[in-house]
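One structure is given below, encoded as structure tokens.
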Amino acid sequence: MKEIHLDTVQQFNELYGFETLHPLVSVVRFDRQRELEEAVVHYGLYALFLKENKGCRLSYGRTPYDFDEMTVTSFAPGQTIRVEPMPGVKNPKWTALVFHPDLLVRTGLGRNIGKYEFFSYSSNEALHLSAGEISIFRGVLGMIAEELRRSIDKHSRALVVSNIELLLNYCLRFYDRQFVTREEINHEVVRKFELLLKEYIAERAVREGLPRVAYFAGKCCLSTGYFGNLVRVETGKTAKDFIADHLLVAAKQLLSEDGLSVGEVGHRLGFDYPQHFVRFFKAHTGKTPSQYRHVG
């Protein structure tokens, strides 16, 4: 299988046959006959692709990427993507924004790039755009492309970076809309999360420790970031708070049983040390477990 390393904008442009107008950023549209090869692509760049047809399948590791027409997929430095051609599709169409991390050095976007968690989304998590959203997405890309066609001056970098930030902020908005429009799917994920969490607290925590968000995200075949955002939109709480609420309910139930010491209750729930359980319980109730047991 072919191995491709995309560490520079120049490498990306050469791979697909585009001119490099700026060493750190590029906006391109691909629409030509090309036989895609199965490949593993190692990204050293940030990249957003607006896929216009089903040109290929993508996956992170063994997990397929939710991928269809007019879908935005996003990748970040350090990620490895497997690309598999779709049989019969010889004319893949896509528009892409790629930019090097060096473009963001000493910028507000560089300091805040971590808030765009969709760069780490993986399975069944691509962004599906409405007609209006496609127009906005293309419009912002057009402003970036227009700036790249101008001669570079002292304003170029600031304008390009600000428009990239604008596009990423629109993607955040579009993802929030997608969480809402996929309401039934989201309900099912949260129902599964709650069932798995109750089972974990009752049977697994005593052996495997405190429940972790990543464990339940994996059980739902979602990345941790997407899972956490889905739970937040659906319940109004973070996944960590959702877990804490259920731990607290279980703790109160166990404390009502006279046969268990405070340390044993904490151990049952997955706390490594009794003092950690005491600290958790007091932070959420204002009382120590012993005080709660005696006062009720």
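The values are calculated or read from the model by the stated rules, or taken from the named source; none is laboratory data. Note that this is a predicted model, so its numbers are computed, not measured. Please note: Cβ atoms are built from the backbone with ideal geometry, for glycine as well, and neighbour counts cover all protein chains shown.
Report yes if residue 152 is over 24 Å from residue 81 (Cα atoms), in contact with a Phe, Trp or Tyr (Cβ under 8 Å, 6 or more places away or on another chain), in contact (Cβ under 8 Å) with a residue 24 or more places away in the chain and not assigned by TED's automatic domain parsing to the domain that holds residue 269, otherwise no. Criteria not met by residue 152.
Among the residues here, residue 221 qualifies as outside any helix (DSSP H, G or I) and either closer than 30 Å to residue 133 by Cα or assigned by TED's automatic domain parsing to the domain that holds residue 127 (or both). Is it true that some residue in region 130-137 is modelled with pLDDT under 95, crowded, with 17+ Cβ neighbours inside 10 Å and either closer than 20 Å to residue 217 by Cβ or not assigned by TED's automatic domain parsing to the domain that holds residue 48 (or both)? No: region 130-137 contains no residue that is modelled with pLDDT under 95, crowded, with 17+ Cβ neighbours inside 10 Å and either closer than 20 Å to residue 217 by Cβ or not assigned by TED's automatic domain parsing to the domain that holds residue 48 (or both).
Among the residues that make up region 74-88, is at least one of them closer than 22 Å to residue 128 by Cβ, touching a Phe, Trp or Tyr at 6+ places or on another chain (Cβ under 7 Å), among the β-branched types (Val, Ile, Thr) and modelled with pLDDT of 85 or more? Yes: region 74-88 contains one or more residues that are closer than 22 Å to residue 128 by Cβ, touching a Phe, Trp or Tyr at 6+ places or on another chain (Cβ under 7 Å), among the β-branched types (Val, Ile, Thr) and modelled with pLDDT of 85 or more. Scanning region 193-210 for residues that are surrounded by 18 or more Cβ atoms within 10 Å (Cβ to Cβ) and either assigned to a helix (DSSP H, G or I) or not assigned by TED's automatic domain parsing to the domain that holds residue 224 (or both) yields 193, 197, 200, 201, 205. Return the residue satisfying two criteria in turn: it lies in region 225-237 and is in contact with a helix residue (DSSP H, G or I) (Cβ under 6 Å, 6 or more places away or on another chain) and under 17 Å from residue 114 (Cα atoms), and of such residues it is surrounded by the most Cβ atoms within 10 Å (Cβ to Cβ). Among residues in region 225-237 that are in contact with a helix residue (DSSP H, G or I) (Cβ under 6 Å, 6 or more places away or on another chain) and under 17 Å from residue 114 (Cα atoms), the one surrounded by the most Cβ atoms within 10 Å (Cβ to Cβ) is 227.
Conditions tested, residue by residue: (1) touching a residue at least 40 places away in the same chain (Cβ under 8 Å); (2) assigned to a helix (DSSP H, G or I); (3) under 15 Å from residue 197 (Cβ atoms); (4) of a type in the set (Phe, Trp, Tyr).
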residue: 231; (1), (2), (3), (4): yes, yes, yes, no
residue: 241; (1), (2), (3), (4): no, yes, yes, no
residue: 247; (1), (2), (3), (4): yes, yes, yes, no
residue: 254; (1), (2), (3), (4): no, yes, no, no
residue: 276; (1), (2), (3), (4): no, yes, no, no
residue: 291; (1), (2), (3), (4): no, yes, no, no
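Residue check: is residue 262 touching a Ser or Thr at 6+ places or on another chain (Cβ under 7 Å), hydrophobic (A, V, I, L, M, F, W, C) and touching a residue at least 12 places away in the same chain (Cβ under 8 Å)? In short, yes. Of all residues in region 151-171, at least one satisfies being within 30 Å of residue 244 (Cβ to Cβ), within 20 Å of the chain's Cα centre (by Cα) and surrounded by 18 or more Cβ atoms within 10 Å (Cβ to Cβ). Of the candidates 215, 175, the single residue that is surrounded by 12 or more Cβ atoms within 10 Å (Cβ to Cβ), under 27 Å from residue 277 (Cβ atoms) and among the hydroxyl-bearing types (Ser, Thr, Tyr) is 215. Close contacts from region 189-213, counting a first residue that is among the small types (Gly, Ala, Ser) and a second that is not in a helix (DSSP H, G or I), with Cβ to Cβ under 8 Å and a gap of 6+ residues or different chains, come to 205/211; 205/270; 209/270; 209/272. Looking only at residues in region 48-73 that are surrounded by 19 or more Cβ atoms within 10 Å (Cβ to Cβ) and either within 14 Å of the chain's Cα centre (by Cα) or assigned by TED's automatic domain parsing to the domain that holds residue 225 (or both), the one that is modelled with the highest pLDDT is 48. Filtered by the rule that a residue be within 19 Å of residue 8 (Cβ to Cβ), assigned to a loop (DSSP other than H, G, I, E, B) and free of Cβ contacts under 8 Å to residues at least 40 places away in the same chain, region 89-137 gives a lone residue, 105.
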